[in-house]
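Notes follow once the structure below has been shown.
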C-alpha cells in the first residue's frame, strides 16, 4: 500500500493539499494501526512517497520521484519480484467522492477493488464505467511489471478544486476515509485468500485460467 505525502508547489497559490497528499498519508497511518492487530498470510508494506508532484512542470522526468526511486532500489536489491501487488491511495477524503476506474491500473486488480467496494454497497462512490488514465505513483510499478491499482477520487478534477487553494481540511471528512479504509481491507482480504489458493505471479492475471473465480465468489473448497 502506498501514498504520497508531498504537496504541489504552485506559485501564487496558498496550496494546503489537505486532500491531495495529506489524506492518503493519514489513511496509511490508520491502516497500519488496524493491520497490526490482524493476522494475514501476505506481508504488507506501507510506503510513503515524496516527490510525486512536479517541481516545475509535470513530465516523465519531473514527477513521481519517490516511486521511481523506490522501484529502482527494489530492482537493484533483487526484491522487486517480492512485490505481488500495489494499492495506491490518492485523494481519499473528499465529500461525495467519485472513485472511478483508473485506466492505467492492472485490470484484474482494479476489478478486485471495485468488486470489494460493490460488495460493501459503495457503488455510488465506486461507479463502474469508462476507465480514465491518471499519471500517479503506480506507473513506475506497472512499467516494471508489477500489478498496481490507483484508488483515486476523480471528484476534485470534476469539481475544479484540484491543485487550488480550495483543497483544505474543510473539504475532507472521516466518512470517505473510513469507506476507503474498508474497501482496502476487503481487497487485502481477497488477495490474502487468493495467495493461499494459488500462487500470484507478478507477470500474470491470477484469475487467468480461473475466470469462474470472480472476486464476489468464494474459491472452491479443497477436496
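A short reminder: the numbers here are calculations on the coordinates, not readings from a lab. Model, not experiment: these values are computed from the prediction. In this analysis, Cβ positions are derived from the backbone assuming ideal geometry, glycine residues included, and neighbour counts consider all displayed protein chains.
Divide by every residue of the chain the summed helix terms, -39500 (n - 2.57) for each DSSP H run of at least 4, and state the resulting mean residue ellipticity at 222 nm, rounded to the nearest 500 deg cm²/dmol.
Counting only the DSSP helices, I get -10000 deg cm²/dmol.
Compute the orientation-averaged projected area for segment 1-108 from the convex hull of its Cα atoms and round it to one decimal in nm².
About 8.8 nm², averaged over all directions.
If I build a Gaussian network model for the chain, linking alpha-carbon pairs within less than 10 angstrom, which residue out of 164, 61, 106 has the largest mean-square fluctuation?
In the Gaussian network model the winner is 61.
What nm distance separates the two modelled labels at residue 39 and residue 118, each placed 7 Å from Cα along Cα→Cβ?
Output for this residue pair reads 3.2 nm.
Return one number: the angle in degrees, 0 to 90 and rounded to the nearest 10, between the long axis of the Cα atoms of helix 65-77 and the longest principal axis of the Cα atoms of the chain.
In the chain, helix 65-77 runs at an angle near 40 degrees to the longest axis.
With the convex hull built on the Cα atoms of the chain, state its orientation-averaged projected area in nm².
Taking a quarter of the hull surface, the average projection is 12.8 nm².
Give me the number: length gained by fully extending residue 131 to residue 193, i.e. 0.36 nm times residue separation minus the C-alpha to C-alpha distance, one decimal in nm.
19.7 nm
Among rounded, prolate and oblate, which fits segment 50-151 when a ≥ b ≥ c are the square roots of the eigenvalues of its C-alpha gyration tensor, a/c under 1.5 means rounded, and a/b larger than b/c means prolate?
oblate
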